[in-house]
Amino acid sequence: MVAVADGLERVRGRVAAACARANRDPTEVELLAITKTVGPARISEAYAAGQRDFGENYVQECLGKVGPLSTLVGLRWSFVGHLQRNKAARVVEFASRVQSVDRLELAVALDRAAAAKGRVLPILIQVAIGGEETKSGVDAASLPDLFDGIEALPNVRVDGLMSIPPPRKDPEQSRLDHRALRTLRDRLEDRARRPLPVLSMGMSGDLDVAIEEGATQVRVGTAIFGERRRG
Ligand SMILES: *Cc1c(COP(=O)(O)O)cnc(C)c1O
């Protein structure tokens, strides 16, 4: 097993190097540690090494960790997985942000759940980038309509876009996917007439090129915690 602090250190080094290459300020790029299959003990190790933002894919799995880790001050959860409408209320209880909103019905359910909690929920719209193999996310062509629909909801706020492009052998091949998401974001900002500052793109294999193409958040699991056991 990789020592979590070492994995984190290496990833922070990669983030800093990519920022240097792209002439960007490293404080512009947030590291979200993705903890699917990772237990509370190793999440605590990451916290002890200074990590505060964590991302989960499965509601049930995350609920099992939220309680045991609730004493860690300042720890924030993002939800990054496929989400069923009927689980919206559970997610709103623990998530500081939901990244995987790809259809209006889901946004409506989140809006209702957030209203019941008296909060405005920050979200990202997940866009399908990278062609046929990409199953989750709204098509680029349908993005403006979805955005307009969500903008009408008072208790969710779109902060930007996220994508999970298909894995490529050479990370350089992901560059065009990341560039495409950035372009979509830029066009959407023109439409919205307000900033949509967050671009969540890049994972363990391709975070470097994602940062060079403008990512403001990279979502990293394996490179911090080591290989996941295959289910
Ligand atoms: C698992 C996962 C990641 C992290 O993937 P790694 O390749 O392990 O870094 C990032 N984003 C999402 C949505 C994921 O499900």
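The values are calculated or read from the model by the stated rules, or taken from the named source; none is laboratory data. Everything numeric in this text was worked out from a predicted model, so none of it was measured. Every residue, glycine among them, receives a Cβ derived from its backbone with ideal geometry; neighbour counts consider all protein chains shown. The accessibility values were calculated without ligands, DNA or RNA, using every heavy atom of the protein model including side chains. Shrake-Rupley method; radii C 1.70, N 1.55, O 1.52, S 1.80 Å.
Determine, yes or no, whether residue 46 is surrounded by fewer than 15 Cβ atoms within 10 Å (Cβ to Cβ) and under 26 Å from residue 208 (Cβ atoms).
Details: surrounded by fewer than 15 Cβ atoms within 10 Å (Cβ to Cβ): no; under 26 Å from residue 208 (Cβ atoms): yes.
No: the conditions fail for residue 46.
Residues of the stretch 186-231 that are within 16 Å of the ligand (Cβ to nearest atom), of a type outside the set (Lys, Arg) and in a loop (DSSP other than H, G, I, E, B): 201, 202, 203, 204, 205, 206, 215, 216, 221, 226, 227, 231. Screening residue 138 with (1) under 25 Å from residue 33 (Cβ atoms); (2) open to solvent by less than 80 Å² (accessible area, probe 1.4 Å); (3) away from the ligand (no atom under 14 Å from the Cβ) gives one miss only, at (1).
Within the stretch 157-169, is there a residue that is open to solvent by 20 Å² or more (accessible area, probe 1.4 Å), within 23 Å of residue 52 (Cβ to Cβ) and within 15 Å of the ligand (Cβ to nearest atom)?
As a first pass, look at the stretch 157-169 and keep what is open to solvent by 20 Å² or more (accessible area, probe 1.4 Å): 157, 164, 167-169.
Still in the running and within 23 Å of residue 52 (Cβ to Cβ): 157, 164.
When the remaining residues are screened for being within 15 Å of the ligand (Cβ to nearest atom), the result is 164.
Yes, the stretch 157-169 has at least one match.
Figure legend. Inter-residue proximity from the stretch 163-180: first residues closer than 15 Å to residue 204 by Cβ, second residues open to solvent by less than 40 Å² (accessible area, probe 1.4 Å) and aliphatic (A, V, I, L, M), beta-carbon distance below 6 Å, spacing 6+ or different chains. Indicated pairs: 165/129; 171/209; 174/209; 178/201; 178/210. Across the stretch 141-199, the number of residues qualifying as within 18 Å of residue 215 (Cα to Cα) and among the polar types (S, T, N, Q) comes to 4.
Each residue in the stretch 181-195 was checked for being touching an Asp or Glu at 6+ places or on another chain (Cβ under 7 Å) and crowded, with 20+ Cβ neighbours inside 10 Å, and 0 of them qualify.
Taking the condition of being within 16 Å of the ligand (Cβ to nearest atom) and open to solvent by 40 Å² or more (accessible area, probe 1.4 Å), how many residues in the stretch 49-62 meet it? Result for the stretch 49-62: 3.
Looking across 36, 65, one residue alone is surrounded by 18 or more Cβ atoms within 10 Å (Cβ to Cβ) and at pLDDT 95 or above. It is 65. Go through the stretch 1-27 and give me each residue that's farther than 24 Å from residue 199 by Cα, of a type in the set (A, V, I, L, M, F, W, C) and either part of a strand (DSSP E or B) or open to solvent by 30 Å² or more (accessible area, probe 1.4 Å) (or both). Of everything in the stretch 1-27, those that are farther than 24 Å from residue 199 by Cα, of a type in the set (A, V, I, L, M, F, W, C) and either part of a strand (DSSP E or B) or open to solvent by 30 Å² or more (accessible area, probe 1.4 Å) (or both) turn out to be 1, 2, 3, 5.
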